Structures are given as structure tokens and as C-alpha cells.
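The values are calculated or read from the model by the stated rules, or taken from the named source; none is laboratory data. Because the structure is predicted, anything quoted here is derived from the model rather than measured. Virtual Cβ from ideal backbone geometry, glycine too; neighbours counted across all protein chains shown.
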Amino acid sequence: MFYNRKRLFIRHLTAALLLIFAVPAPVNGIFAAEKTEIAAPERLFLLGDADMNGAVNSVDARLALRASAQVQELDEAQELRADYDENGKTTSSDARCILRIGAKLLPFGSSDQLPSPQKGDPARKNKPVELQPFSEGNDFQVLFTTEELHGGKDNPYGDPEGSYFLLQGACTDGIYGYFSFIMKCYGATINARIVCAEYKNGAFRLKKLTVFGEKQTISDEDGNPVVVNSVVDVPHNLFHANDIAYNSVDDVIAVQYDGGHTKIGLISAAKLRTGNSGDVPDFREQSLPLKIGSIDYCEALKSYILGVAGKARYFALADRNFERIRYFGYPNAVEEEDCGRQSVCSAGRYIYAVHYILRHTGNEKTPQNIDKSRPVKLRVEKYDLLTGKYIETIECRSTETKYIVEGENIFRLNGRLLLFVNYARTKKDRQFCFVDLSRIDE
């Protein structure tokens with residue numbers, strides 16, 4: 001009896017497929033019964049590819065149909081791609097659209113070149129938030145101390161006198177936060193450190209510190225050569241370690257070096273958070289077909305999001321092997337001469353991009369060159385990944401004028417939207433802080 005029921009179900013499902021996927025005659029080139037608004041090429045690349053193999057075809061349509069009939073359950077990533085009309089559920093309407101995209105009855109474009117700038121609405125939707133200066137309130141919470149980054153009071157890494165740190169990248173695996181710092185001395189970058197920390201009760205507690213770098217010779221303030229012999233855990237150069245991303249599928253941390261490189265470093269995350277201090281994480285480099293300025297891993301889409309170098313509001317979507325690259329952008333967001341992107345963070349269907357606002361009178365970003373007539377601003381722009389629309393700008397403002405306050409990175413952890421900043425009193429006296437923006441990000 002079970003066999004007969006199964007055969008009957010297959011017959012009914014086949015008939016339903018034939019009925020649902022019968023293509024009606026076009027009306028003026030557009031199917032009247034279907035959603036006629038054609039999305040941007042990058043959105044069609046994201047939507048429809050339910051099995052995430054880089055193509056939209058009848059297999060994706062069948063997957064969506066089975067989900068709509070509750071015959072098969074889809075995971076979060078599949079549901080996000082299969083919900084073509086973005087109504088929060090997968091239906092037979094989505095299945096029909098997916099089939100037509102695959103059959104090229106609806107235009108399925110893919111932008112494998114950086115799109116040309118377009119004219120858009122220049123209006124910024126500001127959501128301002130006032131921050132208290134560091135010394136007067138609790139808006140800026142200390143992330144780590146300089147002593148912690150040196151490995152403790154005993155300076156076990158032999159860091160040279162006069163060295164100091166700069167926070168660069170940040171990401172999370174949902175439990176731990178990972179942070180990249182660079183150590184500088186006499187203006188030269190000496191090495192990079194990846195810190196793993198646990199977030200509890202509104203604070204980060206350092207769990208493990210791993211130093212990456214190579215032996216090098218630098219010049220002191222008088223031009224004399226100085227050989228730097230800092231101890232390193234991993235003999236690989238991470239350069240500026242500008243941004244980092246956690247890839248949950250491969251359990252790796254991807255390190256974007258800086259905007260001038262077409263390679264990134266991939267580090268096994270397990271040994272960054274566990275094991276003895278002497279355990280060396282696996283490390284390899286990955287070549288990229290483009291220069292990038294930031295990186296994150298989109299959990300819902302199982303893809304990397306790359307910030308295109310030199311293009312503050314253009315991005316690229318890449319698979320885990322960086323073999324399939326598709327560009328997209330938000331031309332209706334405001335471009336400004338004094339604004340540059342620091343990092344990118346994806347959270348569900350949204351993208352957060354951290355921008356810095358220049359407050360310096362010269363090319364060198366030091367506390368001595370601050371334009372004290374301009375107050376501190378930290379800017380986070382929010383975009384919708386699927387609709388391709390700019391949503392709003394979270395603009396953090398402070399009456400502080402004496403110090404550099406540079407927004408570096410952002411991520412979501414335990415339902416909190418956390419912004420990470422360098423807070424510099426002097427060139428060497430720096431605090432590494434974070435600001436909880438959850439109260440104003442709805």
C-alpha cells in the first residue's frame with residue numbers, strides 16, 4: 001500500500017509541475033500574471049539559485065516547488081535564495097519565476113564587470129546618535145589594554161620599546177570575537193596579531209593571542225637601522241590586516257591584507273581559539289581576481305562579500321573558492337571626499353559598512369594633525385543586500401575634538417550591533433573600544 005501511495009504522490013507532483021510550469025503567452029514581452037519588476041542583475045544572481053551551485057535552472061524550481069508543498073524543508077540559505085518575491089515564504093509563484101529565469105524567459109543577468117556609476121537619490125537618511133566623550137561616560141567601552149596585546153607585563157614576545165598597536169579587523173563566529181591588530185614602531189608595521197575573545201556580560205575577555213610576522217629591519221627616528229626580533233607564532237606576513245571574516249563552512253578566518261594586494265590569508269580558526277599557546281594555526285594564501293578594501297562572510301548566502309578597493313559603495317559577491325565573482329553596488333548612497341570605507345559586515349539580508357570621516361590637516365593621520373574645529377563622527381551605512389537599496393546612515397557624533405576616534409569595524413553578536421574603534425589620545429597612548437549601537441538599529 002505504501003508503494004502505491006508513493007507512486008500516486010509522484011504522479012500528482014509531476015502533474016503539478018507540468019501545470020505550474022506551463023508558460024503563458026507573453027503580453028508585450030512581459031508575463032502579465034507574474035511579478036513584472038525585474039531586479040538588478042546581482043539580485044537575480046542571489047535569488048533563484050536555491051541549491052547554490054552558481055546557476056539557476058529547473059532543479060532550483062523543483063526545490064522551491066517541493067518547499068512550497070511542504071514536501072521538503074529548506075535551510076536558511078536555500079530559503080533566502082528561493083524566495084524570489086521576498087514575501088518571507090517560498091511558494092509556487094517563486095518556483096514559476098525561478099523556472100523562467102533558468103529558461104531565460106526572464107532576463108537573468110550577471111555582472112562580471114564592475115558596474116558603471118549610476119545617478120541615484122543623493123539624500124542621506126541620517127539616524128543620529130550622540131556619544132559621550134570617553135572620559136565622561138560609558139558609550140566607549142574598553143576592548144583590550146595595550147598590556148594584554150603585548151602578551152602581559154613580562155612582554156613575552158620581545159616587542160621593541162616604543163611600539164604601539166592599531167585595531168584593524170573584527171569578526172565573530174557567533175560565540176567568539178576575532179580581532180586583528182597591527183604593531184607599529186618608528187612608523188613601520190612590525191607584525192600583526194589575531195586575538196580571540198569571549199563576549200560575556202557586555203565585555204570581551206581575551207582567550208588567545210597569536211602573532212603573525214617576519215623578521216625585518218627598520219629605521220629609527222635618526223635613520224639608523226634597527227633589527228626587530230619580536231617572537232612570532234606564525235611566520236607569515238599579514239601586512240595591514242585591514243579586515244577579517246569568519247567562514248563558518250570551512251572554519252577559517254580570512255584576512256584582507258590591504259587595498260594594494262590581490263591575495264588574502266586564510267587561517268584555521270580552531271587553533272586561534274583553542275589548544276596550547278604554541279599550537280601553530282594552518283595558514284595559506286588565496287589569490288583574488290580583484291583588489292579589495294574589506295571582506296566579510298555572508299552566512300545566509302554562504303558567500304564572501306568583498307568591498308571593492310577604491311569604490312566606497314561597490315561590492316563583489318564571491319563563492320568560497322573565490323572563483324565566481326559578481327559585482328553589485330549602491331549608487332544612491334552619498335559619495336563624499338572626506339569619507340572612505342573601513343570594513344563591511346553582513347547580518348542576514350543586510351550589509352553594514354563602516355566609514356571614517358577625515359579630521360586631519362595633512363596626509364598623516366596623527367593626533368598632532370587633528371582639525372580640532374571638527375567634532376568626531378563615526379558613520380555606519382546600512383544596505384539591503386537583496387533589494388539593492390541603501391537604507392540609512394547611523395551617524396555617531398560626539399562633542400569630542402581633541403582626539404582621533406576612528407571607526408574600524410562592526411559585527412552582530414548575541415543580538416548586539418557592536419562598533420569597534422581606535423581612540424587615540426597621543427600617537428602611542430591609544431584605547432581600543434567598542435560602542436553598542438543596538439539601541440538605535442531597529
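Brief remarks follow.
- Note on segment 387-405: among residues that are buried (at least 21 other Cβ atoms within 10 Å of the Cβ) and not small (Gly, Ala, Ser), the one that is farthest from the chain's Cα centre (by Cα) is 403.
- Summed over segment 232-288, the residues that are among the aromatic types (Phe, Trp, Tyr), part of a strand (DSSP E or B) and under 16 Å from the mean Cα position of the chain (by Cα) give a count of 1.
- Hey, residue 296 in contact with a helix residue (DSSP H, G or I) (Cβ under 9 Å, 6 or more places away or on another chain), at pLDDT 85 or above and either farther than 27 Å from residue 154 by Cα or surrounded by fewer than 19 Cβ atoms within 10 Å (Cβ to Cβ) (or both) or not: no
- Number of the condition not met by residue 373 [criteria: (1) within 23 Å of residue 139 (Cα to Cα); (2) among the small types (Gly, Ala, Ser); (3) modelled with pLDDT of 70 or more]: (3)
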